[in-house]
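First comes the structure, then the notes that go with it.
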Amino acid sequence: MTYNAVLCGCGAMAKGWLRALQATPQMQEAVRVVGLVDLDRATAEALAAEFNIRNAVIGTDLDVVLTETKPDILFDVVIPVARHSVVKTGLAYGCHVLSEKPMATSMEEAEYLRRAAKDAGRVHAVVQNRRFISGVRRMCRLVESGVIGQVTGIHCDFFLGPHFGGFREQMDNVLLLDMAIHTFDAARFVSGKSPLSVYCVETNPVGSWYAHGAAANAIFRFADDVVFTYRGSWCAEGERTSWESAWRIVGSKGMLTWDGEETFKAAVAGTEPGLLHGFTPVDVPPPYNDEETHGHTSVISDFLDAIRTGREPETVSHDNIKSLAMVLGAIESAKSGQPVDIAA
């Protein structure tokens, strides 16, 4: 079956979406882009030309394009402040909606969209493409195997110095809002635990080229006494971590580390006598399914399969709202200087 789709928001992020849609013959067959919407018509026209999208309706008014094309799906790639209006409109027109992250700019908006999707009987999911990579899937599989026992702690370091230019360098809470949500969401996914509270210190270090919040240190309390810690900076020059963070997962029987790139190390307690018992290495298995490891393409494929089968997609909005709550809770804690309960 081929689904007709309108893509709203034709800036730089939209190119990643269209590359994912054109990544395989199967994906090209599954989705036909019938409309492009952007406040700047020239931007939408340029995107259509770059990706050879022919015969699509191009416009600056989402209502008009949706009325003319009557699509099955709305791809929401707008800036966060416009997301609530765009998703609300798409659901009202009977579209299934796949949104760029974050899901919303407030918990109130997120809860509204969650209810709207339920009332409309439509699938609303959020692109968390970084949980659909091999490394995250491998960590999750090892944790699920029980080899390292019950998870007690997850610890992530993220230190890079990207010079983006543009809107990111003018944002408030830039690291927490624009990047940390990927690691937060992956920690929740790998642990299988819900976040309960957070204490966060956010700074904009000396030498930062960002307007606000380029660094953050957060401690989350998850269910079942699991602790998740995050240390991050987007203005850290020098020896960097991976974009996926450097991970240490502590279990009741052993530990797993991942450098965010190619190196995994996992071990359980050894049998040496004395103060430290040493360790016994264990293998980290491959992902359950390679089809789940292609980032953006895998997110879209999961979304389409959910529409076809009636099951929930992995990043359905009523689940992803928990990752948003982690981000917004961390920001609130940083502002107040106090721990914040997370309710999602």
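The values are calculated or read from the model by the stated rules, or taken from the named source; none is laboratory data. Values in this document were obtained by computation on a predicted structure and should not be read as measured data. Cβ: placed from backbone, ideal geometry, glycine included. Neighbour counts: every protein chain shown. Accessible surface is based on the protein model in full, side chains and every heavy atom, while ligands, DNA and RNA are left aside. Shrake-Rupley method; radii C 1.70, N 1.55, O 1.52, S 1.80 Å.
Residues that are surrounded by fewer than 21 Cβ atoms within 10 Å (Cβ to Cβ), among the acidic types (Asp, Glu) and touching a residue at least 24 places away in the same chain (Cβ under 8 Å): does segment 66-81 have at least one? Among the residues of segment 66-81, at least one is surrounded by fewer than 21 Cβ atoms within 10 Å (Cβ to Cβ), among the acidic types (Asp, Glu) and touching a residue at least 24 places away in the same chain (Cβ under 8 Å), which makes the answer yes. Taking (1) farther than 29 Å from residue 336 by Cβ; (2) open to solvent by less than 10 Å² (accessible area, probe 1.4 Å) in turn, residue 137 satisfies each apart from (2). For segment 1-31, the set of residues classified as touching a Pro at 6+ places or on another chain (Cβ under 9 Å) and surrounded by fewer than 21 Cβ atoms within 10 Å (Cβ to Cβ) consists of 3, 4, listed by residue number. Among the residues that make up segment 37-51, is at least one of them open to solvent by less than 10 Å² (accessible area, probe 1.4 Å) and not hydrophobic (A, V, I, L, M, F, W, C)? No - not one qualifying residue is present in segment 37-51. Which of the residues spanning segment 140-168 are surrounded by fewer than 18 Cβ atoms within 10 Å (Cβ to Cβ) and at pLDDT below 95? Across segment 140-168, the qualifying residues are 164, 165, 166, 167. Scanning for something touching a Leu at 6+ places or on another chain (Cβ under 9 Å) and not small (Gly, Ala, Ser), does segment 258-268 turn up at least one residue? Looking for residues that are touching a Leu at 6+ places or on another chain (Cβ under 9 Å) and not small (Gly, Ala, Ser), one finds at least one in segment 258-268, hence yes. Among residues of segment 214-225 that are touching a residue at least 40 places away in the same chain (Cβ under 8 Å), those with a beta-carbon under 8 Å from a residue that is of a type in the set (Asp, Glu) at least six positions away or on a different chain give the pairs 215/202; 216/202. Report whether or not residue 101 is over 22 Å from residue 326 (Cα atoms) and not β-branched (Val, Ile, Thr). So residue 101 fails the test. Of all residues in segment 108-130, count the ones that are in a helix (DSSP H, G or I) and either in contact with a strand residue (DSSP E or B) (Cβ under 6 Å, 6 or more places away or on another chain) or at pLDDT 95 or above (or both). The number of residues fulfilling the criteria is 13.
For beta carbons closer than 6 Å, sequence separation of 6+ or different chains, a first residue in segment 1-23 that is closer than 19 Å to residue 70 by Cα and a second that is among the aromatic types (Phe, Trp, Tyr), the qualifying pairs are 5/75; 7/75. Applying the set (1) free of Cβ contacts under 8 Å to residues at least 24 places away in the same chain; (2) more than 30 Å from residue 26 (Cα to Cα); (3) not in a helix (DSSP H, G or I) to residue 311 leaves exactly one unmet item: (2). Scanning segment 314-333 for residues that are open to solvent by 10 Å² or more (accessible area, probe 1.4 Å), in contact with a strand residue (DSSP E or B) (Cβ under 8 Å, 6 or more places away or on another chain) and farther than 30 Å from residue 265 by Cβ yields 316, 331, 332.
Is it the case that some residue within segment 53-63 is out of contact with any helix residue (DSSP H, G or I) (no Cβ under 8 Å at 6 or more places or on another chain) and either closer than 16 Å to residue 126 by Cα or buried (at least 20 other Cβ atoms within 10 Å of the Cβ) (or both)? No, segment 53-63 has no match at all.
Taking the condition at pLDDT below 95 and at negative phi, does residue 230 pass? No, not satisfied.
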